[in-house]
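Only one structure is covered here, and it is reproduced in the block below.
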Amino acid sequence: MPASAAQVTIERPDIRWLFGGFGFQNAEAQLTPLMTDEFRNERAVKAFRELSPSFSRVYVGRVGESKEALDRFADYYDQTFRHCDTTIYAVGGSMPGFPEKLDVQAHAEGVAKSLEYLIKQRDCRKIRYYCLTNELMCDDQWGYFKTNQALYRKFHEALYDAFRRHGLDILLAASDGSFGRKQAEDLKWTVDSMDLITGIYCTHYYDRMTPGDPAAYGIFHEQFTNVVQLALTRTKRWMLGEFGIVPPRKKGVMVDDQNWTYHDSSQAGLWALTTAEMAMAAVNAGAYAVMSWSFCDYPDPFVVEDSHDPVGRARYESAKAVYKPDMKFNKWGVFRWSDVRKDYTAAPTYFTLGLMSRYFRKGASVLTAKPDDPLLRATVLENPDATMTAAIVNLGPKRTATLTGWTSAARPARVYRYDSAKPYANAFGDLPPHAATVRAEKGVLNVEIPEKGLVFVTTDYIERTPQPVKGVRVDARGDGRITWLASDDPDHCYYRVFRDGQQIASTVATYTGFKGEGRYTVVSVDRWGNVGTCVSEMTIQDRINEAFANGGGVVNIPAGRHIVGQLDLKSGVELHLEKGAVLEGTSDRSAYPKFTRPHSEGDWMGVIIATNAHDVAVTGEGLILGNGWTWVDLATHEAGSEGRRPRGLVF
């Protein structure tokens with residue numbers, strides 16, 4: 001086999017790991033009062049639905065959470081976790097200080113009541129796992145319960161009993177500790193002393209590995225294999241609750257907890273690749289679920305204090321759900337969150353971990369993948385419907401990988417490529433389209449992999465065209481909006497909005513901001529990444545033409561500012577301007593085709609014209625604004641060099 005080629009052999013052992021899902025730490029679920037409308041619709045919810053994580057870790061179920069805070073979480077749940085059928089691993093955040101002074105039974109009862117409200121009253125039934133505290137913390141004391149293990153067990157025993165009393169089908173996870181390269185050693189006490197009340201074991205793994213280090217995968221895989229096998233001795237599974245590659249830290253100002261994109265952008269592409277290796281090592285080792293820290297950046301630090309204002313009060317309650325929001329620059333997301341700079345940029349991990357989130361699905365079985373080259377790593381999953389997904393990391397030169405044992409041949413495989421030297425970028429955080437399709441021949445599939453890159457190969461999709469988006473309208477009142485009717489396509493995921501052919505937004509809402517004069521189109525993107533056909537906004541002229549084609553009628557112009565070019569009234573059509581409607585002629589000369597008026601000399605232009613028409617009318621209490629001043633030299637009050645201006649009405 002040539003040096004530029006490699007082979008990955010796929011095997012199907014009789015007993016295979018069942019995979020529970022891939023996802024993220026979704027702390028933003030508790031930070032919704034800090035979200036602008038734009039960030040929620042065009043980044044947070046849109047990205048969640050596009051990446052469709054099947055597993056998620058969330059801070060919820062704290063003692064003392066108000067009903068309002070729980071309802072805000074449930075509202076976000078409805079937009080995200082419910083929509084994607086995402087399993088939730090809930091964590092109580094950080095325990096209060098001096099936990100030995102707390103009433104253990106009362107604490108457990110408070111947690112159970114909060115979760116009972118969410119599950120039974122708000123139908124947040126995807127909450128499946130719970131752990132007392134994040135990383136064994138109490139207040140500012142990271143790892144407090146490492147040296148207070150008996151107290152930790154006591155709290156979990158109380159939670160176990162409380163959940164049963166309240167009829168909650170929630171399994172306890174332990175210990176949620178961050179142990180570095182001592183995973184199995186530090187988890188062993190939990191396994192030995194808490195197994196009867198523990199439903200699943202969980203640890204976090206962070207490493208100060210140099211991005212692109214060829215030794216990384218082997219280290220990761222060994223660590224994860226050790227904890228998986230330790231859990232298996234008790235007939236239990238293990239999940240990776242957080243993971244990441246830690247960069248050097250900046251000291252002296254606030255608290256730096258930022259990923260590689262902030263520290264050394266030249267390493268960001270490789271960082272995303274090595275982070276993908278870590279996730280793949282966990283899946284191959286037998287992890288039940290894998291969750292990356294984190295889905296999106298935390299917002300920049302903000303002042304935390306109570307308020308008499310309802311919005312300020314909500315922000316204050318949100319702050320209590322996360323750690324040091326007034327001190328810590330917590331920036332590990334697959335996309336950024338900076339409202340000041342309007343920076344919601346997708347990190348390179350959006351295009352590595354993001355594709356894993358979409359295609360490493362709940363309920364898949366993990367096949368055995370054996371590369372013949374030490375610079376290749378491969379993870380292959382097979383879904384219950386027989387579709388397959390393979391992720392292959394290549395730390396060597398550009399090459400063609402031959403996959404043998406690929407049995408999913410019902411449709412061509414889509415190929416997504418990631419090049420660490422030139423990571424894909426999209427201003428709206430959209431996943432890339434597939435780069436190619438390849439079809440397996442007799443169980444063999446060939447795919448090109450970039451140098452120090454990653455490919456995803458998948459048959460987990462349906463080829464289709466999403467339904468067109470209807471009812472696109474321009475409403476230029478105030479700051480203005482583009483609106484449209486909600487898609488009734490059952491597989492719809494989000495919308496892309498274009499102005500004169502250039503994309504201006506991706507959103508889950510049925511509106512976005514007005515971006516100036518132009519022709520707007522909106523398309524639907526479905527859950528497989530298929531993009532629908534464009535349907536332009538129905539302009540006022542379109543509506544006039546439609547009324548004329550139907551034998552005449554009234555075209556109503558609602559209140560608001562409507563920027564138009566020349567409107568050509570047709571026979572039998574009445575243009576009715578409602579009170580508050582402003583029909584404003586554009587300053588774009590090309591929007592006014594010249595025409596010859598009968599019994600009159602020269603060429604004419606108008607905001608509203610009627611030629612060779614009868615039974616036409618312009619009615620109502622609205623205003624027609626010709627904007628004639630834009631066509632006049634204000635110094636001389638004479639027509640500009642472009643010639644005469646359009647008239648308001650020309651019949």
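The values are calculated or read from the model by the stated rules, or taken from the named source; none is laboratory data. Just so you know, these numbers come straight off a predicted model, no measurement behind them. Virtual Cβ from ideal backbone geometry, glycine too; neighbours counted across all protein chains shown. Accessible surface areas use protein heavy atoms only, side chains included; no ligands, DNA or RNA. Shrake-Rupley method; radii C 1.70, N 1.55, O 1.52, S 1.80 Å.
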Given the Cα atoms of region 408-455, and with Rh set as the inverse mean 1/r over their pairs in the Kirkwood sense, what is Rg to Rh to two decimals?
1.05
Want the number for Glu185 to Ala617: 0.36 nm per residue separation, take away the alpha-carbon distance, what's left?
147.1 nm
Positive-end extreme of charge dipole, region 286-338 - chosen from Trp337, Gly286, Ser307 (charges on Cβ):
Gly286
Would you mind pulling out the separation of the Cα centroids of region 447-493 and region 13-88, in Å?
21
Here, region 356-454 modelled as identical Cα point scatterers in vacuum has Debye log10 I(q)/I(0) at q = 0.17, 0.23 Å⁻¹ of -0.82, -1.42
Amide H partners (placed H, <5 Å) of Ser178, local residues excluded
His204
Using every Cα-Cα pair within region 395-514, state what percent have a distance larger than 17 Å.
68
Heavy atoms only, probe 1.4 Å: what % of the accessible area of the chain goes to carbon and sulfur, would you let me know?
50
Could I get the Rg over Rh figure for region 172-243? Both from C-alpha atoms, Rh via Kirkwood, rounded to two places.
1.00
Ratio of alpha-carbon Rg to the 2.2 N^0.38 Å globular estimate for region 296-351, to two decimals, please.
1.26
Sorted by chain and number, the residues with a modelled amide H under 5 Å from that of Val472, at a separation of 5 or more or across chains, are Leu485, Met538
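Taking N as the number of residues in region 25-153, what value does Rg over Cα atoms divided by 2.2 N^0.38 Å take?
Working: Rg = 15.4 Å, N = 129, 2.2 N^0.38 = 13.9 Å.
This ratio for region 25-153 stands at 1.10.
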Given region 377-418, what whole percent of its Cα pairs are spread farther than 15 Å?
46
How long are the three semi-axes of the equivalent ellipsoid for the chain, computed from the Cα gyration tensor as the root of 5 times each eigenvalue, in whole Å, largest first?
54, 31, 22
Mean accessible area per residue over the chain (1.4 angstrom probe, all protein chains present, square angstrom) is 42
Order these peptides, 126-134, 114-122, by their mean beta-carbon neighbour count within 10 angstrom, highest first.
126-134, 114-122
Given the DSSP H assignment, sum -39500 (n - 2.57) over each helix run of at least 4 residues in the chain and divide by its residue total; what's the result at 222 nm in deg cm²/dmol, nearest 500?
-6000 deg cm²/dmol
Say the dipole of the chain comes from +1 at the beta carbon of Lys and Arg and -1 at that of Asp and Glu; which of Ile608, Thr459, Ile624 then lies farthest toward its positive end?
Thr459
Going out from 0 in 10 Å bins, what whole percent of all Cα-Cα distances in region 244-290 drops into each bin?
25, 39, 27, 9, 0
Taking every pair of alpha-carbon atoms in region 109-260, what share in percent sits in each 10 Å bin, from 0 to the bin with the longest distance?
10, 34, 32, 19, 5, 0
If you bin every alpha carbon distance in region 77-162 into 5 Å steps from zero, what whole percent lands in each bin?
3, 13, 23, 23, 16, 12, 8, 2, 0
With no solvent and one point on each alpha carbon, what is the Debye value of log10 I(q)/I(0) for region 287-396 at q = 0.11, 0.13, 0.21, 0.24 Å⁻¹?
-0.57, -0.70, -1.13, -1.30
Among the Cα-Cα pairs of region 197-351, the proportion with separation greater than 19 Å, in percent, is 61
For region 105-150: Kirkwood Rh in Å [reciprocal of mean 1/r, alpha carbons]:
12.3
Which of the listed residues, Val650, Tyr59, Gln7, is farthest toward the dipole's positive end in the chain, when Lys, Arg count +1 and Asp, Glu count -1 at the beta-carbon?
Gln7
Largest first, how would Arg40, Arg399, Arg62, Arg234 line up by accessible area (1.4 Å probe)?
Arg234, Arg40, Arg62, Arg399
Mean Kyte-Doolittle of at least 0.5 plus a Cα span of 20 Å or more along the axis: flag which DSSP H helices in the chain meet both, please.
216-232, 268-285
In terms of modelled amide H atoms, which long-range or inter-chain residues lie less than 5 Å from the amide H of Asn148?
none
Share antiparallel - DSSP beta bridges, the chain, percent rounded to 5
50
Please give the charge dipole size of the chain, origin at the Cα centre, charges +1 on K and R Cβ atoms and -1 on D and E Cβ atoms. Round to the nearest 20 debye.
1000
Between region 539-593 and region 105-152, what's the alpha-carbon centroid distance in Å?
60
Report, to two decimal places, the Cα Rg of region 496-590 normalised by 2.2 N^0.38 Å (N = number of residues).
1.26
Cα-based convex hull, region 120-194, per residue volume (Å³, whole number):
112
